[in-house]
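Have a look at the structure below before the remarks.
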Amino acid sequence: MRKLGLETIAVRGGIDTDTQHGAVVPPIYLSSNYTFKGYDQPREYDYARRGNPTRSLLAKALADLEGGAYGIMTSTGLSAITTVIQLLSPQDTLLIPHDCYGGSYRMFDHLSRRGLFKLLVVDQNDAVALTKALDAKPKMVWLETPSNPLLRLVDVKSIAAQAKAIGALVVVDNTFLTPILQQPLSLGADIVVHSCTKYINGHSDVVAGAIITKDQQLGIDLDWWANCIGVTGSAFDSYMALRGLRTLPVRLQQHQKSAAQIAQFLNQHAAVKAVYYPGLISHPQHELAKEQQQGFGAMLSFDLIGDIEQAKALVENVSLFCLAESLGGVESLVAHPATMTHAGMEEAARLHAGIGNSLIRLSVGLESVDDLIDDLSRSLDVVLASV
């Protein structure tokens, strides 16, 4: 039998697995506990924090999509990250990118200050700085590609090879692209994390996370930690995310199509200083995106002329982009990273990462792209008038 396509795996996850009534769509198991067969004879599931049938279906579907051996569902994207860093001890070093998601950076920074591990922050596209950081023999190398919010890419295959040479684990946050557009495990990563709150669920009504491992035993170890620290996902959230997963490939097609058109529009507007979107030929890592990704995604950001007043004018004048954090839903969102998603970073670190006051991030939804461009055009005219 030929290898199944990603679209098929996404749609068929959990379908026709109900052996009791033959339901096409698998039921949701809300029970918090399960009976034992008898004395000292637990079933596959005994307590919902440790295991749940609905959660298992979603975890397997995501593992299959990523080409992984083991999947774990957690309560949020950050709890997935929290679980992964349980592998570190106080003497271990974690190497992270200087421009990662603000929530991730905040947690890494504060936990390292408490002595849970040592932290190295580096521009992973600076070959000299990266080599020097790897010379410190980190136990874990954390990648985020494309980065949030500047859509910078790193060469997963190259960095993974360098990390393997020193025995480090490689973790990739694949939230922006999902396994439909990028499979980091095939590029050399050991672990992939997702905020399933975003594209995987896709409807802005679930908060969830996922961990996928290349190695079965590593997955079992992380599953133990997720249960131990109490961050496993709920049955209802898993059911909803599995429902969203089935339309992920077709949603991403339209998301990307619209994002590409909007990026081209912004790239030509007088109120826009720079556009950050890997699908543009002008993006410095456009060729790398074509090499390691199966698409350019639907996230983009741009710097406005002016400063914070112009950013304020933009976000207050759009009507079809909700001013909100998160991303990946069917609705379009606009965010001002400096005061929203990355407000938890110290200002010096934020500016060093290139996240200035005029930066705007868009999550392009499934509305008419003509309507979205018209909305942006009118708002950018207000920005121009305010300079």
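So the values come out like this:
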quantity: Length released on extending from ASP16 to SER186, taking residue separation times 0.36 nm less the Cα-Cα span; calculated: 58.3 nm
quantity: Per-residue [θ]222 nm for the chain (sum of -39500 (n - 2.57) over DSSP H runs n ≥ 4, rounded to 500); calculated: -11500 deg cm²/dmol
quantity: Nearest-20 debye value, region 23-125 charge dipole, Cβ charges on Lys, Arg, Asp, Glu; calculated: 360 debye
quantity: Most to least packed among 93-105, 151-163 [average Cβ atoms within 10 Å]; calculated: 93-105, 151-163
quantity: Straight-distance crosslink candidates among aspartates and glutamates, where the alpha carbon sits under 13 Å from LYS312 and sequence neighbours closer than 8 are dropped; calculated: ASP303
quantity: Evaluated at q = 0.08, 0.12, 0.14 Å⁻¹: base-10 log I(q)/I(0), Debye formula over Cα of the chain; calculated: -0.42, -0.92, -1.22
quantity: Of GLY188, GLY230, GLY13, the one that fluctuates the most in a GNM where the chain has Cα springs shorter than 10 Å; calculated: GLY230
quantity: Amide H within-cut-off set for CYS322, under 5 Å, with H built and near neighbours excluded; calculated: SER332, LEU333, VAL334
quantity: Of GLY344, ILE166, LEU94, farthest towards positive along the dipole that unit charges on Lys, Arg, Asp, Glu beta carbons give the chain; calculated: ILE166
quantity: In sequence order, calculated HN-Hα J values of region 314-327 (Karplus, 6.51, -1.76, 1.60; Hz; x Gly/Pro); calculated: 5, 5, 8, 10, 6, 10, 9, 10, 6, 7, 7, 7, 6, 5
quantity: Candidates GLN253, GLN264, GLN41, ranked by Gaussian network fluctuation over the chain, Cα under 10 Å, top entry; calculated: GLN41
quantity: FRET efficiency for HIS203 and LYS157, using Cβ-Cβ distance with R0 set to 45 Å, rounded to 0.05; calculated: 0.85
quantity: Unit Cα scatterers, Debye sum, region 210-312: log10 I(q)/I(0) for q = 0.20, 0.21 Å⁻¹; calculated: -1.01, -1.05
quantity: Equivalent-ellipsoid semi-axes of region 249-386, from the Cα gyration tensor, Å, largest first; calculated: 22, 18, 15
quantity: Residue-count net charge about ASP123 - beta-carbon cut-off 13 Å; Lys, Arg +1, Asp, Glu -1; calculated: -1
quantity: Peptides 327-339, 265-277 ordered by average Cβ neighbours within 10 Å, highest first; calculated: 327-339, 265-277
quantity: Net +/- balance of residues flanking PHE108 in space, Cβ distance below 14 Å, scoring K and R +1, D and E -1; calculated: -1
quantity: Cα shape, region 305-387, gyration tensor, a/c 1.5 rule; calculated: oblate
quantity: Amide H partners (placed H, <5 Å) of VAL122, local residues excluded; calculated: ILE96, HIS98
quantity: Gaussian network model of the chain, springs between alpha carbon atoms under 10 Å - residue of HIS194, HIS255, HIS21 with greatest fluctuation; calculated: HIS21
quantity: Ascending count of other beta-carbon atoms within 10 Å, so fewest first, for LEU65, LEU119, LEU314; calculated: LEU119, LEU65, LEU314
quantity: Mean Cα-pair separation over length for the chain, i.e. relative contact order, pairs under 8 Å, 6 or more apart, %; calculated: 18 percent
quantity: Burial ordering of ASP307, ASP221, fewest other beta-carbon atoms within 10 Å first; calculated: ASP307, ASP221
quantity: Proportion of all alpha-carbon pairs of region 53-181 beyond 21 Å (%); calculated: 41 percent
quantity: Dipole of region 218-286, positive direction: furthest Cα of LEU280, GLN261, TRP225, with charges on the beta-carbon; calculated: GLN261
quantity: Under 5 Å, built H, 5+ apart or other chain: amide partners of LYS273; calculated: ASP303, LEU304, ILE305
quantity: Sum of side-chain charges, ALA160 neighbourhood, beta-carbon under 15 Å (Lys, Arg +1; Asp, Glu -1); calculated: -3
quantity: Assigned charges on the beta-carbon of Lys, Arg, Asp, Glu; the chain dipole about Cα centre (debye); calculated: 900 debye
quantity: Stretch gain in nm, segment LEU384-TYR47, where the contour uses 0.36 nm per residue and the Cα spacing is subtracted; calculated: 115.5 nm
quantity: C-alpha long axis of helix 248-267 to longest principal axis of the chain, angle in °; calculated: 20 degrees
quantity: Potential extension, CYS228-LEU351 segment - 0.36 nm per residue separation minus Cα distance; calculated: 40.6 nm
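Values quoted throughout were computed directly from the atomic coordinates according to the rules given, and no laboratory measurement underlies them. The model shown is predicted, which means the values in this text are computed figures rather than measured ones. Backbone-built Cβ (ideal geometry, glycine too); neighbour counts: all protein chains shown.
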